[in-house]
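Down below is the structure, laid out as structure tokens.
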């Protein structure tokens, strides 16, 4: 299974964070406990019953990452995962990537920002030139 | 600036409401035999001019139409691709209101044509008091609408509380019908206006053919009017899907489930009209099944066609014309079921094979 997190996530404003997470859990047949753990790590537990319309862009991004990590995924495609999140959340994201990668999962990150090698081990990096993927 | 508003707002208004105008046009000109057309309109105009109650009913319909125009312009004003409208605020307040008023005159044109006819009839029949009353009322409607948009354009930074808020108890909203919550909670007035128009047109069709007696085709024509009144609502749902529900496409959702969810949303939104139709056909099973399939096929095909056209509303208008003509012929020839099944088959085929291939970013719809 592949999971994709958008660069600028946009969700219905009238549902709560939990509504969205429950949907991902149901569709991907994921374990609730793991998702709750993810929510806690991103510091979002207290806001999950609030409507998404009241979220800041940082909270929205964290919610999209929680949903992206929900389920038994083989390949994670994270589009600009570092934009709009604070350094604390970025640390959580780095640790999650390391942890899941240790379990044999793969990650494809697209980013305009340089990834600090101290935070994350990147096995290969590419750039796009004239619609072609070129190895750095 | 006015020509820009004309090219964007006015043109878009007429294309988005093509279904509604199509049906009104049919109601006014197509439902009467050509030989009786002149007398029919003459009697109608005389009735409106001479009976205060009939004139009052006209005023109510015009208010409804004005509300529809205002809501449309207001919705467009909030779109990111209409920020050029903010340039208007550099003009003096008087000139801004004048520009908005001119735009509303263009949007009101179908109503204004009929108003001129009523005024002429009133003068001819010596009901002189109607003239200042109608002129003042129309002037008030246009000025009020223009003033509303002027206010919104200049004070959009002020947070307003929703005019109508339907309190929903906190419960887990079923994912399948999220768009229904969107329409009811976030597009409340638009939804309300759509429903009122839908019922008015449905009822108008029944009244118009009241002399025919019990015939399922009359009820089906009413249903067709209601379906065509929902074109705006269907476009609105598609826009919502493109902007807020695109993430569902990356989820492992079975296509048949996605299809059922789509149909369920349309069914839930159309329940009031369907109940009214069922009552009209005296709950006859075959007629009820016909109406149900016809409604779902019509609404779902609107959505699929708008998706396949990448939101191109000019081509959508052409489809509505074809759909209207095809449906009318099918109803008259007692072939609604076959017509609906063909439409459903084509729409479902499109959904299964191409729907997920359509990139929302390529679509000509505002996010």
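The values are calculated or read from the model by the stated rules, or taken from the named source; none is laboratory data. Since the model is a prediction, treat every value here as computed from it, not as a measurement. Because the Cβ atoms are built from the backbone with ideal geometry, glycine has one as well, and the counts that use them run over all protein chains shown.
Taking the condition in contact with a helix residue (DSSP H, G or I) (Cβ under 8 Å, 6 or more places away or on another chain) and surrounded by fewer than 19 Cβ atoms within 10 Å (Cβ to Cβ), does residue A:4 pass? For residue A:4, the condition - in contact with a helix residue (DSSP H, G or I) (Cβ under 8 Å, 6 or more places away or on another chain) and surrounded by fewer than 19 Cβ atoms within 10 Å (Cβ to Cβ) - is met.
Quick grid of which residues meet (1) in contact (Cβ under 8 Å) with a residue 12 or more places away in the chain; (2) surrounded by 14 or more Cβ atoms within 10 Å (Cβ to Cβ); (3) assigned to a helix (DSSP H, G or I):
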| position | (1), (2), (3) |
| --- | --- |
| B:7 | no, no, yes |
| B:10 | yes, yes, yes |
| B:15 | yes, yes, yes |
| B:19 | yes, yes, yes |
| B:24 | yes, yes, yes |
| B:29 | no, no, yes |
| B:37 | no, yes, yes |
| B:55 | yes, yes, yes |
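Name the one entry in A:66, A:97, A:15 that is more than 12 Å from every other protein chain (Cβ to nearest Cβ), without any contact (Cβ under 8 Å) to a residue 40 or more places away in the chain and crowded, with 17+ Cβ neighbours inside 10 Å. Answer to the check: A:97. In the range B:82-102, is there at least one residue being without any contact (Cβ under 8 Å) to a residue 40 or more places away in the chain, within 26 Å of residue B:197 (Cβ to Cβ) and out of contact with any helix residue (DSSP H, G or I) (no Cβ under 7 Å at 6 or more places or on another chain)? Among the residues of the range B:82-102, not one is without any contact (Cβ under 8 Å) to a residue 40 or more places away in the chain, within 26 Å of residue B:197 (Cβ to Cβ) and out of contact with any helix residue (DSSP H, G or I) (no Cβ under 7 Å at 6 or more places or on another chain), which makes the answer no. Considered as a group, the residues in the range B:258-279 that are within 14 Å of chain A (Cβ to nearest Cβ) and more than 15 Å from residue B:357 (Cα to Cα) include one that is surrounded by the most Cβ atoms within 10 Å (Cβ to Cβ), and that residue is B:265. Which ones in the range B:233-245 are at the interface with chain A (Cβ under 10 Å from one of its Cβ atoms), touching a helix residue (DSSP H, G or I) at 6+ places or on another chain (Cβ under 6 Å) and closer than 19 Å to residue B:352 by Cβ? Hits for the range B:233-245: nothing passes.
Screening residue B:257 on (1) in contact with a helix residue (DSSP H, G or I) (Cβ under 8 Å, 6 or more places away or on another chain); (2) assigned to a helix (DSSP H, G or I) shows it passes everything except condition (1).
If only residues of the range B:132-155 that are more than 26 Å from the chain's Cα centre (by Cα) and at pLDDT below 90 are counted, the one that is nearest to residue B:184 (Cα to Cα) is B:155. Restrict the check to the range B:207-214 and report whether at least one residue is within 14 Å of another protein chain (Cβ to nearest Cβ) and touching a helix residue (DSSP H, G or I) at 6+ places or on another chain (Cβ under 7 Å). Scanning the range B:207-214 turns up no residue that is within 14 Å of another protein chain (Cβ to nearest Cβ) and touching a helix residue (DSSP H, G or I) at 6+ places or on another chain (Cβ under 7 Å).
Each residue in the range B:173-206 was checked for being within 14 Å of chain A (Cβ to nearest Cβ) and in contact (Cβ under 8 Å) with a residue 12 or more places away in the chain, and 14 pass. Within the set B:227, B:293, the sole residue that is buried (at least 22 other Cβ atoms within 10 Å of the Cβ) and modelled with pLDDT of 90 or more turns out to be B:227. Yes or no: the range A:74-82 includes at least one residue that is touching a residue at least 24 places away in the same chain (Cβ under 8 Å), closer than 14 Å to residue B:247 by Cα and at the interface with chain B (Cβ under 9 Å from one of its Cβ atoms). Yes, the range A:74-82 has at least one match.
Can you run down the residue pairs with Cβ atoms below 6 Å, 6 or more apart or on separate chains, where the first is in the range A:1-12 and more than 7 Å from chain B (Cβ to nearest Cβ) and the partner is assigned to a strand (DSSP E or B)? Partner pairs satisfying both residue conditions: A:2/A:75; A:3/A:76; A:5/A:78; A:7/A:79. What about residue B:346, is it at pLDDT 90 or above and under 30 Å from residue B:213 (Cβ atoms)? No, not satisfied.
Among all residues of the range A:39-52, there is at least one that is touching a residue at least 40 places away in the same chain (Cβ under 8 Å), within 24 Å of residue A:108 (Cα to Cα) and away from every other protein chain (no Cβ under 14 Å). In the set (1) surrounded by 20 or more Cβ atoms within 10 Å (Cβ to Cβ); (2) modelled with pLDDT under 90, the condition left unmet by residue B:255 is number (1). Report yes if residue A:88 is out of contact with any helix residue (DSSP H, G or I) (no Cβ under 6 Å at 6 or more places or on another chain), within 12 Å of another protein chain (Cβ to nearest Cβ) and surrounded by fewer than 21 Cβ atoms within 10 Å (Cβ to Cβ), otherwise no. Criteria not met by residue A:88.
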